[in-house]
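Written below as structure tokens is the structure these notes are about.
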């Protein structure tokens with residue numbers, strides 16, 4: 001058989017190429033566009049960082065003592081907002097530092113509030129008891145507050161000035177004297 005005959009037979013056996021879109025192609029294209037959009041939104045959210053300046057996201061928290069803590073009501077005070085969890089090892093290291101800070105500054109226009117992130121209430125209460133914590137603390141029900149502050153883990157601390165603006169974000173455990181220097185500048 002000659003090459004020309006073989007080529008002619010292949011041409012005759014090959015189904016014709018369809019041009020244009022059919023319903024399957026359109027659905028596939030729409031599906032790909034939806035997936036790309038979802039990935040884009042997820043990446044944009046991951047790229048959002050914690051607020052480092054500007055107005056602090058407002059929140060109201062019901063403390064473990066049943067009291068209401070309202071950030072907006074704290075205008076005129078320096079507020080230290082600390083996200084923590086009982087299962088967080090660095091949180092255990094900073095707990096005595098935060099309690100000591102509270103004892104030194106609570107009568108000087110400084111408020112400290114702890115927000116328990118993704119923690120069982122019984123374990124949070126045991127943590128508070130273990131470290132003798134007396135400043136207000138409460139659970140972040142549904143991670144509503146931590147989502148507003150876009151935390152990436154615990155511990156994270158936000159220092160809010162007397163006007164309700166974030167002046168410092170600390171994405172690590174605080175160390176002795178670190179917050180004192182920031183607070184002293186604000187008072």
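Quick notes
- Filter result (over 16 Å from residue 69 (Cβ atoms) and touching a strand residue (DSSP E or B) at 6+ places or on another chain (Cβ under 8 Å)) within segment 111-120: 119
- Listing of strands (runs of 3 or more DSSP E) fully contained in segment 52-98 that carry 1 or more residues being surrounded by 13 or more Cβ atoms within 10 Å (Cβ to Cβ) and in contact with a helix residue (DSSP H, G or I) (Cβ under 8 Å, 6 or more places away or on another chain): 60-62, 78-84
- Members of segment 131-147 found to be part of a helix (DSSP H, G or I) and either in contact with a helix residue (DSSP H, G or I) (Cβ under 8 Å, 6 or more places away or on another chain) or within 13 Å of residue 84 (Cα to Cα) (or both), listed by number: 143, 145, 146
- Pairs where the first residue, in segment 91-110, is at positive phi and modelled with pLDDT under 95 and the second is loosely packed, with under 13 Cβ neighbours inside 10 Å and part of a helix (DSSP H, G or I), C-beta under 7 Å, 6+ apart: none
- Of the criteria (1) closer than 19 Å to residue 71 by Cβ; (2) surrounded by 14 or more Cβ atoms within 10 Å (Cβ to Cβ); (3) touching a residue at least 60 places away in the same chain (Cβ under 8 Å), which one residue 187 fails: (2)
The values are calculated or read from the model by the stated rules, or taken from the named source; none is laboratory data. Source: prediction; values computed, not measured. Please note: Cβ atoms are built from the backbone with ideal geometry, for glycine as well, and neighbour counts cover all protein chains shown.
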